[in-house]
Amino acid sequence: MDPLAISPVQGTTGTGYLPSVGGVQSTDGSGFASSLTGAVENVQQLQDASSDLAIKAVTGDLEDIHNATIASSRAAVTLELVAAVRNKGVDAFTEIMRMQA
């Protein structure tokens, strides 16, 4: 995998947002779950690519240090984004649970 390639999770691809016929959306949470699962898998792929480039840098096999730096930064920023989305989801769930019926 090219560490600089744009992942398919960005944009609407992989978000799980597929409106049903008639414009009614599913409310079972599967869209959010699949989106979050895809984002976590994307983070793992970015971290694997970053680790591979870091190993190449340490062993002296890396031809361009910029690729390793960019891959490392992308992995870190993506992990922060996924963690922030997860935290907001937990906060929303907690707030919903506080509501009185």
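Numbers at a glance
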quantity	calculated
In Hz, Karplus ³J(HN,Hα) per residue of the range 51-64 (6.51, -1.76, 1.60; θ = phi - 60°; x = Gly, Pro)	5, 4, 5, 5, 5, 4, 5, 5, 7, x, 8, 7, 8, 9
Cut-off 13 Å between beta-carbons: net charge of the residues surrounding residue 55, Lys and Arg +1, Asp and Glu -1	-2
Cβ-Cβ FRET estimate between residue 73 and residue 93, R0 fixed at 22 Å, reported to 0.05	0.10
The range 34-101: GluC sites (Glu not before Pro) falling in loop per DSSP and having at most 12 other Cβ within 10 Å	63
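Every read-out reported here was derived from the displayed coordinates using simple, explicitly stated rules and does not represent laboratory data. The model shown is predicted, which means the values in this text are computed figures rather than measured ones. Don't worry about glycine lacking a Cβ; one is built from the backbone with ideal geometry, like all the others, and counts go over all protein chains shown.
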